[in-house]
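Just so it is clear, none of the values below were taken in a lab; they were calculated from the coordinates. Remember, it's a predicted structure, so these values are computed and weren't measured experimentally. Backbone-built Cβ (ideal geometry, glycine too); neighbour counts: all protein chains shown.
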């Protein structure tokens, strides 16, 4: 008799279907609690991305969902957003973008989890749409192919399965274990267990089982992502770079003088004359550094030429290489910015390659194309009137992967977006009327010589210094024209000449120092430069768009 009563109590509690959670979202089923559903959505999104990374690691022709979407964001984002990212994050703009995509994915997953509490199909459709975005991004990216979007498809399927499974097992908002109906006492837990009853939503056992399952699924997603990254490391060009032996320059330039010979002013805090490769700024459109092996690399010289040709990396190294000391500047560098660096480059003069191809009359633009589809373009004349080179070395070693290995363009006197294509694959001779390069189509100028600029490196803005002698120092640049003078003004006083370090050449920046007898108080320091043509840096403030920032740099310091 007691066994029969217990069975009836369980049956009344579970309802006519035999289980309150027999159907996800069905009639009579308790909806999962909000926190549990949100957690289910978050974990499902993470597992989906992890699965996508794992599949992307199988073959280098497959596109990571995160990277594919982020790359398309770079290509389609409004110019104002692009500028904000560079000005805010500098060389870390791509990392910030990836973090942003991951954060959006997490929020999107949480929203889908919450919506799936009562409408499971909404979550499934949302993840399917999320996968479709990845597929579309893969279809138009540099890895575009019929199978490039496969990782996104797998990610969507895995995400749907995880979301439905986790939401179905998520505990409801009810607290405690099952209770008997109002007309009878609660059935003992032992009796329920002996009756073969399953745990129901809201019970302690149910919550523990859900959290355990969620943790296991999350761990599996993390392992999948790590495995995918490990697999993708197979496609790295690092080993190829390590095997490159650069030949000596056929036309060695003057050796970089040591600091004792005067190219550095000896003021702590001033940027070193030669920028270490690891510290050299990086601004480009490649979310993921292209991995191009030197053994596979080919440069094509095409367009308006009589004799187009191709050459391999070894054939490039067999040509006469030169060394060139060149300071490079990014178009996104604001007044006083640090998107600038100096290096000694090793490479082949671009004009020698063009002479071999014999450009036709009427051509006035040289376009550099990257393996990832990026293009730059600059006046063809700039390949002849300066040491524009196809560089293979940087500061005595092969180009770092992130700076263009195996080869890149380096053009003195032009902002990087104009004449410094990284991961170079093609030189095309054409005209400005026939082709607009990547950034020109986004509102930047098609001709952009670097403007004269001076920067204060020390003291820093809003820094507090002791009264008395203070060494103010910095750098100035006007590539192809050189720097002849730097002047500093304190508050509203007159501009006074600064002491210049020795000039290496007119394509390199120049250090300067100004010895200031600082009086207590709050002071404004302003600097300007005079280029090799005798033209003083303009005071007029200009935005970086369309052809580079301009204006005098000023900062405030407090003297104690």
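What to note about this one:
- Net lengthening on full extension, residue 538/residue 310 (0.36 nm per residue, minus Cα-Cα): 77.7 nm
- Between residue 558 and residue 98, the simple spin-label model (points 7 angstrom out along Cα→Cβ) gives 4.0 nm.
- Annotation: Cα Rg of region 259-442 relative to the compact-globule expectation 2.2 N^0.38 Å equals 1.03.
- Helix-derived mean residue ellipticity, 222 nm - over the chain, DSSP H n ≥ 4, -39500 (n - 2.57), to 500: -10500 deg cm²/dmol
- Whole-angstrom gap from region 79-149 to region 485-560, using each part's C-alpha centre: 44 Å
- Extension gain, residue 464-residue 245: 0.36 nm per intervening residue step, less the Cα-Cα distance, totals 74.0 nm.
- The average projected area of region 412-560, computed from the convex hull of its Cα atoms over all directions, is 10.9 nm².
- With a Förster radius of 60 Å applied to the beta-carbon distance between residue 238 and residue 492, the computed FRET efficiency rounds to 0.65.
- Folded to 0 to 90 degrees: helix 93-115 orientation relative to the chain principal axis, Cα: 20 degrees
- Ordered by the number of other Cβ atoms lying within 10 Å of each residue's own Cβ, fewest first, 536, 526, 88, 329 fall into the sequence 88, 536, 526, 329.
- Inter-label distance for residue 223 and residue 283, nm, one decimal - labels placed 7 Å from Cα along Cα-to-Cβ: 4.4 nm
- Taking the C-alpha atoms only, the angle from helix 79-89 to the longest principal axis of the chain is near 90 degrees.
- Between the helical axis of 120-140 and the longest alpha-carbon principal axis of the chain there is an angle of about 20 degrees.
- Across the chain, the relative contact order, built from alpha-carbon pairs under 8 Å that are at least six residues apart, equals 13 percent.
- Relative exposure of 64, 461, judged by other C-beta atoms within 10 Å (fewest first): 461, 64
- A quarter of the convex hull surface defined by the alpha-carbon atoms of region 73-116 gives 3.5 nm² as the mean projection.
- Footprinting exposure proxy for 229, 455, 169 (fewest neighbouring C-beta atoms within 10 Å first): 229, 169, 455
- Cα gyration tensor shape of region 479-559, rounded if a/c is under 1.5, else prolate or oblate by comparing a/b with b/c: oblate
- Extension gain for the segment residue 107 to residue 122, taken as residue separation times 0.36 nm less the Cα-Cα distance, is 3.9 nm to one decimal.
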